[in-house]
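Scroll down for the structure; my scribbles are underneath it.
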Amino acid sequence: MSIEWEKLRNTEYSILNTQKIMYLEIVTPEAIVFHAEVEAVKVPGIEGEFQMLNHHAAIISLLVAGEVKINLASADPKFLKGLPKEFRIEGTNVLFYPVKGGVLEMKDNKAIILAD
C-alpha cells in the first residue's frame, strides 16, 4: 500500500471513516490508469455483474469482458480531463472503463482491479 493510503486509513477521524467512500485503483500491464476515492464500483464478474460499496467484505473475483462503472466521491474537472482516453464520462461523477478481463481484490476498504 502507498504511504498516503496508509495515512488516510489509519487516521482516527479519516475522511474514509466518516463518509461513504472507498479507494479504487485500476492497474493495466502498462500503468496505473486510475486511483481515487469512489462511492461505488460495479464490475463484470465471472458470475455476473456486482457492485461494491465502502467496507464491502473482502473478496477476490475474476472479471470478464465488460465495463467497470465507477461512481466518484467527488468530480474535479482537472481530474476528469487527465483521465486516459479509454474512460467514458457520464454526467459529472460517473465513469466507465472497458476491460477484457482481469482480477479484482477488495480488502480493507480498498479495491484493486488488475485489468487486461
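Read the figures in this text as sums done on the coordinates, not as results from a lab. Bear in mind that the values here come from a model prediction, so they are computed numbers and not experimental data.
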Centre separation in Å (Cα based) which lies between region 17-56 and region 58-116: 6 Å
Column: log10 I(q)/I(0), Debye, Cα scatterers of region 20-115, q = 0.22 Å⁻¹: -1.16
